[in-house]
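Just below is one structure, and these are the notes that go with it.
The values are calculated or read from the model by the stated rules, or taken from the named source; none is laboratory data. Everything numeric in this text was worked out from a predicted model, so none of it was measured. Quick reminder, even Gly has a Cβ in these numbers, built from the backbone with ideal geometry, and neighbours come from all protein chains shown. Note: accessible area is taken over every heavy atom of the protein model, side chains too, but ligands, DNA and RNA are not part of it. Shrake-Rupley method; radii C 1.70, N 1.55, O 1.52, S 1.80 Å.
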Amino acid sequence: MEVSETVSKLVEIFRWIWPFIVSLIMLFLIEYLRRPCIEIMYRDEPVTQHPLRWVHVFVTNKPLRFISRYTAMECCGKVTYINLQTGEVKGPFENKWASKPNPIRIDLDPYGKPTFLVDETLIPQAKVENIPSGAVRPLDIAVKFDGDDKAYIWTPESLYNPKDPKYELKEGEYEVRVRIEAPNLTPVEKVFILENKGTKVSGLRLREA
C-alpha cells in the first residue's frame, strides 16, 4: 500500500513538472539552433575592364527558415597559400574583409594637398567582421595588377606597399586554405585553388578545390 502511494505521488509530481521539463528542453534546443553557423562559399566573379582584379571567398551565417540565428561576432579570416609547384607556404595571414573600409585616413601634405595615410589604429577593425543571420561577407584573397605577371595577397597591411614581396604570388597554382575563426565558435575551414597566369588581370582566378 505504501509503495502504491509513493508511486502515485511520484506520478503526480512528474505530471506537474513535465511541462517545465519540456519547456527547458525546447529552450535549450532553440538556443542551440540559434547559434551562428558559418559556411565558406565560392562564387564566380566575372572579369571586368578594371586594371585591378580582386578575388574573394564569401562567408555566410547560414539562415534557418523559422528562427533567426544570432550574429557571428568578430569573425577573422586566416588564409594560407601553398604553391602547388614548389611547395612554398605563405601565411597564415589575417586577410581584409572586403566589406570593411580600408584602414586609411586623409591628411594634408606640406603644400596643403590631401594625402592618404594608413591608419594603424584602424587595421584591426579591417580584420574582423560581424555576420548577421543570412548575411554574406566577402573576404579578400588576392589582387592582380594589369601588366604584372605576379598576384598579391591582400591584407590590411597591404596598403603600406601593395606589391610587398612577402605578399607576392608568382605565376602558378596555389592551394588556398581559408579558416574562419570567431569567439565561442568552432573554426570552419575550406580549401580553394588560386590560379595566376600571364600579365592580364583575367589570369587571376579562384575555384573550389
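Based on the Cβ-Cβ distance from residue 184 to residue 44, what FRET efficiency comes out when R0 is 30 Å, to the nearest 0.05? Intermediate values should be presented prior to the final figure.
Details: r = 33 Å, r/R0 = 1.09.
Using R0 = 30 Å, I get an efficiency of 0.35.
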Check your understanding: Taking Cα centroids, how far is the stretch 64-102 from the stretch 178-204 in Å?
Key -> 7
Check your understanding: Which far-off residues, 5 or more places away or on another chain, put their amide H under 5 Å from the one on residue 98, with H placed in the peptide plane?
Key -> 139, 140
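Go ahead and run the numbers for FRET between residue 86 and residue 195, Cβ-Cβ distance against an R0 of 22 Å, rounding to 0.05. Could the numbers behind the result be given before it?
On the way: r = 15 Å, r/R0 = 0.69.
Taking R0 as 22 Å, the efficiency between residue 86 and residue 195 is 0.90.
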Point to revise | Amide H contacts under 5 Å for residue 88, placed H, 5+ residues apart | key: 83
Check your understanding: Counting only residues 5 or more places away or on other chains, whose amide H sits under 5 Å from the amide H of residue 75 once H atoms are built in the peptide plane?
Key -> 129, 130, 131
Revision key, fill the gap. A correct Karplus calculation of ³J(HN,Hα) over the stretch 139-148, with 6.51 cos²θ - 1.76 cosθ + 1.60, θ = phi - 60°, whole Hz and x for Gly and Pro, returns 10, 4, 10, 7, 9, 10, 9, 4, x, 10
Revision key, fill the gap. Placing each pseudo-label 7 Å from Cα in the direction of the beta carbon, residue 35 and residue 163 end up separated by a distance in nanometres of 4.7
**Study point:** Whole-Hz couplings from phi, Karplus 6.51/-1.76/1.60, listed for the stretch 125-134; x for Gly and Pro
**Key:** 5, 6, 9, 10, 9, 9, 10, x, 4, x
**Study point:** Rg(Cα)/(2.2 N^0.38 Å) for the stretch 52-165, N = residue count
**Key:** 1.28
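Take the residue pairs 96/190; 144/166; 90/166; 100/190; 163/200 and return only those whose Cα atoms are more than 20 Å apart. Please list the in-between numbers first.
Details: 96/190 17 Å; 144/166 15 Å; 90/166 8 Å; 100/190 22 Å; 163/200 16 Å.
As for pairs spanning more than 20 Å Cα to Cα, those are 100/190.
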Review point. When all protein chains stay in place, what accessible area (Å², nearest 10, 1.4 Å probe) is found for residue 58?
Key: 30
Point to revise | For the stretch 167-172, 3J(HN,Hα) per residue [Karplus equation, 6.51 cos²θ - 1.76 cosθ + 1.60, θ = phi - 60°, Hz, x = Gly/Pro] | key: 9, 6, 10, 6, 4, x
Check your understanding: Using a simple spin-label model with points 7 Å from Cα along the Cα→Cβ vector, what separation in nm is obtained for residue 135 and residue 150?
Key -> 3.5
